[in-house]
Amino acid sequence: MSSILEGTYFIQLCICIVVCLYLSFHFHGALQNIDHVESKSHPNLPPLYQNQDSVDGFSFSSTKQHKNIIRGASKLKKLPGDSVSMQTTKARHGNTDGLSACLLVNDENPRLPEWLAYHYQMLPLRSLIVAVDPASRSSPSEILSRWKDTSMLEVDVWEDDDYFTKEQGSGLCDATNPKVDCVKYHRNRQRYFVMKCMAEFKRRNKTWVLLVDVDEYVTFNQIRDDDPIAPLDEAPDGIPTLSDWKLHTNSFGGVVVDGLVNGAPSELKNGVKDGNQNQVVVNNVITKANDVEYGNVIEDASGNKFYLRDDIAYRDATAMQNAPKGVPTLKDVMMIGTRLFARIFNDAYDGNKNGEYIEIKMGWENGDTAMRKFHGGHLIHDAKQKKYYIEREQESWPPHVSPKTALNARARLPSVGDGNTIYDILKNELNEYPCVTMPRLLYGSYEEDDEKPRWNADPVRFEDKDFVTLRYKWHAIKGVFDVNKYPKTIIDVSRVPMSTFDGKAFEIHRPLTKFCRKDPPRYSLSLLRVNHYADSFEAFSYRHDSRRFRKSRQYYDEMASKTTAAMDEDVFQWLQVFVDSEGEDKAQFLLSDAGRFASLE
């Protein structure tokens, strides 16, 4: 019996040795190949997006391994006092129930500690790629390296050659050369960076990626008394519809809306007739200009009322998926005045080669009016009435939700500080489509003399004046584009084909044309918004910026004068939550020098 047991033990020992050797070999191989793991198909995606990575032909082999802040920041230019010890971070692949972000910085050190801490707490931010503009006089290395012991946040720093080439416009712009447009250099850098950054996060199997600047903070867009009115789904009884409309100013500086009148009753004043192109001079332009948005009813100076159709949603809903038989397709369409240029495919009229860039004679007298009817998935007619199909661009646009649905969702939104995050909203309310567009709200530098401090912890180790999210609460009129400007986006890269990220973004505020709507979101229907802080003039003009308005006191004062419409205290609670979560000593370390604008001359 003992010999049998000894033989059994010997066999078990051999099996254990073989299994250990097998696991050791394969684990070693996995470690060697971890940086080459590609994104896999998403099990919950429609067939269009399945297995895209295997057929896109996109490769990172032409670019060097991107530097982890802990591994490669030594390649950043050294600046006075810039001595940082770097170590290794944890694994870099897979989602960690948080967001990633792409951030381009230029002398942003005073703003960066607050931005990092806020979004680490509120998104939560878990992966970050930072590109340093070569014009920057300061390095973010020391600030970023503070997070090396915070295991939940991984940070990489990129230089120009990590995401675009000299032929594409990398390197420092020569501002002394009058023939060089440094603003174009800046825009070009932005557009290449966000695309390569999103591609890298997709390669790491990340999901939602935030695209904002260091002076912008994402928050919940809770319902407030000063919100713009919500749109209507259809025109009220007896009120005509204005379609193909546009808002502009007339020669007297008044607000004018012109468009095609449909369903006009006979009693309308001033000769307004059904089916005519008509100009509506908006009554009481000072208070009504903010109401000129789709889904609203506006009133002209004569008392006539008009419902503004959601033209883009209408054309999207009626778009054709493909060109009719025998009709050429136009791609990369561009209008210059009344001239139209495009790449043509399947040209049955003139025999142009597929992809050839040509001008099509349209016979338009007014390119602006024609552009309003321009939309992917529809037909146009040239001067000889030949038909052309415009390529359908809206591959996966989020639809405009009904006002009732949106307002109900906004009513469910949490407050900052109650433990909920932006990721919770994306997962529970906005997870149907890959691109979430968020309106911006501009905050100025106005402060009341008797304002109470928002930081009341004991012992007091932070001051309101060092944090824009605590210091500034007065903002512009919500929903007014002329003041708040273009929206920003969060994109789920796991649901976008890798080939989409090749090249440069269409534009920085709408990087993916097939996935992000081309019409800005209605403020009243948006669940998230971006607080944009102008800060003091010292902060506003601090960057080594190629855009001249950043140094203009007149521009700044005019902008700031439009930011006293209303006030809120929606976000200031984040700091207390951050301190409670990280501990006072660690929070103070991570936030040290926030809001301190040291001289860079």
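Within region 484-499, track down each residue that is touching a Leu at 6+ places or on another chain (Cβ under 8 Å) and more than 11 Å from Lys202 (Cα to Cα). Result: Asn484, Lys485, Lys488, Thr489, Ile490.
Please enumerate the residues belonging to region 557-589 that are closer than 19 Å to Val483 by Cβ and under 24 Å from the mean Cα position of the chain (by Cα). Met559, Ala560, Lys562, Thr563, Asp568, Asp570 - these are the residues of region 557-589 that are closer than 19 Å to Val483 by Cβ and under 24 Å from the mean Cα position of the chain (by Cα).
I need every pair where a residue in region 235-247 that is loosely packed, with under 15 Cβ neighbours inside 10 Å has its Cβ under 9 Å from the Cβ of a residue that is in a strand (DSSP E or B) and of a type in the set (Phe, Trp, Tyr), sequence separation at least 6 or different chains. Listed by first residue and then by second, the contacts come to Pro236/Tyr307. Residues in region 297-316 that are assigned to a loop (DSSP other than H, G, I, E, B) and at pLDDT below 90: Ala301, Ser302, Gly303, Asn304. Residues that are more than 10 Å from Lys504 (Cβ to Cβ) and of a type in the set (Lys, Arg) were ranked within region 160-209; the one that is surrounded by the most Cβ atoms within 10 Å (Cβ to Cβ) is Lys202. Of the residues making up region 213-226, those that are open to solvent by 10 Å² or more (accessible area, probe 1.4 Å) and more than 15 Å from Tyr443 (Cα to Cα) number 4. The residue pairs whose first member lies in region 524-539 and is more than 28 Å from Leu232 (Cα to Cα), whose second member is hydrophobic (A, V, I, L, M, F, W, C) and not in a strand (DSSP E or B), and whose beta carbons are closer than 7 Å, counting only pairs six or more residues apart or on different chains, are Tyr533/Val468; Ala534/Phe540; Ala534/Met559; Ala534/Ala560; Asp535/Val468; Glu538/Phe597; Ala539/Phe597.
Here's the yes/no breakdown for (1) under 21 Å from Ser499 (Cβ atoms); (2) hydroxyl-bearing (Ser, Thr, Tyr); (3) more than 16 Å from the chain's Cα centre (by Cα):
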{"site": "Gly169", "(1), (2), (3)": "no, no, yes"}
{"site": "Asp174", "(1), (2), (3)": "no, no, yes"}
{"site": "Cys182", "(1), (2), (3)": "no, no, yes"}
{"site": "Met195", "(1), (2), (3)": "yes, no, no"}
{"site": "Leu210", "(1), (2), (3)": "no, no, no"}
{"site": "Tyr217", "(1), (2), (3)": "no, yes, no"}
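Screening Ala319 against (1) open to solvent by 40 Å² or more (accessible area, probe 1.4 Å); (2) modelled with pLDDT of 90 or more leaves a single unmet condition, (1).
Could you tell me how many of the residues in region 164-190 are modelled with pLDDT of 90 or more and either assigned to a loop (DSSP other than H, G, I, E, B) or in contact with a Phe, Trp or Tyr (Cβ under 8 Å, 6 or more places away or on another chain) (or both)?
In the first step, residues of region 164-190 are kept if they are modelled with pLDDT of 90 or more; the result is 190.
With either assigned to a loop (DSSP other than H, G, I, E, B) or in contact with a Phe, Trp or Tyr (Cβ under 8 Å, 6 or more places away or on another chain) (or both) added as a condition, the list becomes none.
Going through region 164-190 one residue at a time, the tally reaches 0.
Of everything in region 503-533 that is assigned to a strand (DSSP E or B) and more than 21 Å from Tyr423 (Cβ to Cβ), the residue that is most open to solvent (accessible area, probe 1.4 Å) is His532. The set of residues in region 377-410 that are open to solvent by less than 20 Å² (accessible area, probe 1.4 Å) and within 20 Å of Leu340 (Cα to Cα) comprises Gly377, Ile380, Asp382, Tyr388, Tyr389, Ile390.
Note on region 560-601: residues that are at pLDDT 90 or above and within 30 Å of Pro178 (Cβ to Cβ) amount to 0.
Of everything listed in (1) under 23 Å from Val132 (Cα atoms); (2) in contact with a helix residue (DSSP H, G or I) (Cβ under 8 Å, 6 or more places away or on another chain), the single unmet condition for Ala598 is (2).
Of the numbered criteria (1) small (Gly, Ala, Ser); (2) open to solvent by 20 Å² or more (accessible area, probe 1.4 Å); (3) within 24 Å of Ser524 (Cα to Cα), the one Ala348 fails is (3). In region 253-296, the residue that is modelled with the highest pLDDT out of those that are under 22 Å from Met371 (Cβ atoms) and among the acidic types (Asp, Glu) is Glu293. Can you pull out the residues in region 478-502 that are within 17 Å of Leu441 (Cα to Cα), outside any loop (DSSP other than H, G, I, E, B) and without any contact (Cβ under 8 Å) to a residue 60 or more places away in the chain? Across region 478-502, the qualifying residues are Phe481, Asp482, Asn484.
Taken as a whole, the structure leaves Phe578 outside the set of residues that are assigned to a helix (DSSP H, G or I), of a type in the set (A, V, I, L, M, F, W, C) and open to solvent by 40 Å² or more (accessible area, probe 1.4 Å).
Scanning region 110-138 for residues that are open to solvent by 10 Å² or more (accessible area, probe 1.4 Å) and within 19 Å of Asp160 (Cα to Cα) yields Val132, Asp133, Pro134, Ala135, Arg137, Ser138.
The values are calculated or read from the model by the stated rules, or taken from the named source; none is laboratory data. It should be emphasised that the depicted structure is a prediction, and the values quoted were computed from it without experimental measurement. Here Cβ is always computed from backbone atoms with ideal geometry, including for glycine, and neighbour counts include all displayed protein chains. Accessible surface is based on the protein model in full, side chains and every heavy atom, while ligands, DNA and RNA are left aside. Shrake-Rupley method; radii C 1.70, N 1.55, O 1.52, S 1.80 Å.
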